[in-house]
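Heads up: the structure comes next, in structure tokens.
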Amino acid sequence: MANTNESFIDEVSEAVRRDRINLWFRRWGWLAALLVLAIVGGAGWMEWQRSRTEAAAQFRGDAILTALETSEPGDRLAALSELPHQGDQGVVTALLLASEQQAAGDAEAAAATLNAVAADGTVPPLYRDLASLKALIAQGDSADPAALEALAAPGAPFRLLALEQLALVQLDQDQRDAAIANLQTIREDAGVTSTQLGRVEALLTALGVPPEDAAPAAELPAPTGE
């Protein structure tokens, strides 16, 4: 008799649980289905976006390679000019275009292309600084010393290159001492590359500044009479 009662209670409890589950699904099942659809749809949309971005990047890369493989400088410049070179995705094209413009002798156009990148807020700061420095280099001796000093601030990513260009501008403006000071700062910096150090040492030597590791010549003792 006790077993029969326990079995009856279990059956009733199971029926109550099923009724509650069915009631929950009737009331909230649509929300669960909508959540599943949203998750599946979101994953599909993200995959489509990723594939689209990769395809666009591959297309840009192929277009750039095609332009660079053009043998004639004028045709290469024209091909790069036709490619998009605005915004974050056009940085590489803009830098290559400016390089071709400068090689063609049009420093003004190169500086304009680079300054456009430097002024674009959608471009990462590192590339904006690089474009700004290259624009100042393209301007040569007419570059603004204040702009170079800003790029040569401690912690700036292209500080040593900006200091080198600033020294060249200072030499053109007959500011020899200031130029030597900046060149010596580059020489003593632990982050200077061997290539830049070679240029700096050559400049300092031309300015009459001895190498950093050069020891002063020992004085010969005065001759003594016998």
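Would you mind stating whether THR113 is at pLDDT 85 or above, under 29 Å from GLN165 (Cα atoms), among the hydroxyl-bearing types (Ser, Thr, Tyr) and surrounded by fewer than 20 Cβ atoms within 10 Å (Cβ to Cβ)? So THR113 does not fit the description; no. What number of residues within the range 128-149 are more than 18 Å from GLU100 (Cα to Cα) and in contact with a helix residue (DSSP H, G or I) (Cβ under 8 Å, 6 or more places away or on another chain)? Of the residues in the range 128-149, 9 are more than 18 Å from GLU100 (Cα to Cα) and in contact with a helix residue (DSSP H, G or I) (Cβ under 8 Å, 6 or more places away or on another chain).
Scanning the range 80-110 for residues that are over 17 Å from ALA143 (Cβ atoms), of a type outside the set (S, T, N, Q) and surrounded by 17 or more Cβ atoms within 10 Å (Cβ to Cβ) yields LEU80, LEU83, HIS85, GLY90, VAL91, ALA94, LEU95, LEU96, LEU97, GLU100.
Residues of the range 124-178 that are loosely packed, with under 15 Cβ neighbours inside 10 Å, part of a helix (DSSP H, G or I) and either touching an Asp or Glu at 6+ places or on another chain (Cβ under 7 Å) or not charged (D, E, K, R) (or both): PRO125, LEU126, GLY140, ASP141, SER142, ALA146, ALA150, ASP172.
The values are calculated or read from the model by the stated rules, or taken from the named source; none is laboratory data. From a predicted model like this one, the values you see are computed outputs, not experimental measurements. We place every Cβ from the backbone using ideal geometry, glycine too, and count neighbours over all the protein chains shown.
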